[in-house]
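Every read-out reported here was derived from the displayed coordinates using simple, explicitly stated rules and does not represent laboratory data. Just so it is clear, the structure is predicted and the values come from calculations on it, not from any experiment. Every residue, glycine among them, receives a Cβ derived from its backbone with ideal geometry; neighbour counts consider all protein chains shown.
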Amino acid sequence: MNPHVLFCDLGNVILPFDFEPAMKKLAALAGQSVSQVSGIFFRPGFQDQYERGKISSQEFLNSVRKGLGLENRGQTPISDAELALLWNDIFTENRPMVEWLESVIGKFPVWLLSNTNELHWKFIWERYPIVRKLDGWILSHEIGYRKPDPQFFRVALEKSGALPEQTFFVDDTEIHVKAARSIGIQAEVFEGAPPLTKVLKELGYPI
């Protein structure tokens with residue numbers, strides 16, 4: 001049975017991202033070092049909880065604001081919208097990959113599989129039209145599991161209606177690729193659109 005569903009990662013595949021500029025802006029705003037600010041956002045367990053939907057976006061913003069000492073900025077508290085924009089504006093577009101996706105949409109189902117959070121996803125949905133063109137979305141904050149948890153991939157299979165041997169997964173992180181393979185999904189680390197095209201052709205995808 002030929003595989004026919006592509007599971008595609010988001011970050012550093014479709015949308016490269018870089019937190020450093022946002023951390024620098026917040027450090028200047030809060031009067032703290034970049035490492036201190038990064039420590040607030042990426043303290044143990046915090047992102048895991050947010051990306052699995054265990055804390056709300058409001059709780060996330062309140063916690064960050066408190067950690068940064070930004071409850072009040074002079075007489076004007078920093079708004080949720082200001083803080084969310086600094087947190088969200090970290091993405092750029094991998095244009096060759098976006099063009100490749102646009103060329104294969106409709107030839108076989110393409111599903112997005114992403115460890116992400118509600119604020120990032122809302123921003124991406126509005127800013128990057130390519131994600132709205134895909135056949136489906138498996139988002140950690142909606143399903144309560146994050147890659148590399150095998151259950152994340154089981155949910156993807158269930159929602160897409162595909163068997164493991166009918167799918168191929170591409171991700172920039174090897175541990176995620178290994179987790180997908182552990183339940184029978186064919187998978188490779190992302191190295192660009194041309195290598196992906198080559199392997200999918202070999203597997204019988206109609207490219």
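Assigning unit charges at the beta carbon (Lys, Arg +1; Asp, Glu -1) and nothing else, what dipole magnitude in debye, to the nearest 20, does the range 20-88 show about its Cα centre?
Roughly 120 debye, rounded to the nearest 20.
Rg and Dmax of the range 20-88, using alpha carbons, in Å: what are they?
11.5, 35
Packing-wise, with mean Cβ within 10 Å as the measure, how do 45-54, 153-162, 114-123 rank, highest first?
Final packing ranking: 114-123, 153-162, 45-54.
When we measure straight from the Cα of LYS54, which lysines land under 24 angstrom away, once same-chain ones fewer than 8 places off are left out?
Within reach: LYS66, LYS122, LYS147, LYS159.
For the chain, divide the Cα radius of gyration by the Kirkwood radius and give the resulting Rg/Rh value with two decimals.
1.02
Measuring from label point to label point, each 7 Å out along Cα→Cβ, what is the GLU174 to ASP48 span in nm?
Distance between label points: 2.2 nm.
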